[in-house]
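Working notes, beginning with the structure itself.
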Amino acid sequence: MRWCGYTFSFSEVSPLNTVYNVLMVLAVIVALLFAGLIFVTGKGDAMSGGGGSIRTTFKGRATFDDKISNVTMYLGGAFFALMLILDYLGTRLFTN
């Protein structure tokens, strides 16, 4: 296949390149979810952090804000880990 003066050969696709592309799509999805969650929660009490402890009600059940804080923390961690993995794979794939 020829496009813009460059010839593409689909037989040269390596498994590592496929893993890189799948992880990139996953990273974009996680980033969109993370950004959307932050925009929805705004600057309310859910994003205050609370010094690393989880606030609970009198009966010991986690509130909605606690759950949103946990989801935000996990999405941020997943995004950070995906970026580290993609950086490592990118240096192995795209260096000559």
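The number of residues in the range 63-96 that are under 22 Å from N21 (Cα atoms), touching a helix residue (DSSP H, G or I) at 6+ places or on another chain (Cβ under 8 Å) and either free of Cβ contacts under 8 Å to residues at least 24 places away in the same chain or not small (G, A, S) (or both) comes to 9. Among the residues of the range 61-96, those identified as of a type in the set (D, E) and surrounded by 11 or more Cβ atoms within 10 Å (Cβ to Cβ) are D65, D66.
For the range 17-40, filtering for residues that are under 22 Å from L89 (Cα atoms), in contact (Cβ under 8 Å) with a residue 24 or more places away in the chain and among the aliphatic types (A, V, I, L, M) leaves 7.
Where a number appears in this text, it was derived from the coordinates with a stated rule and is not lab data. Owing to the predicted nature of the structure, the values given are computational and were not obtained by experimental measurement. Don't worry about glycine lacking a Cβ; one is built from the backbone with ideal geometry, like all the others, and counts go over all protein chains shown.
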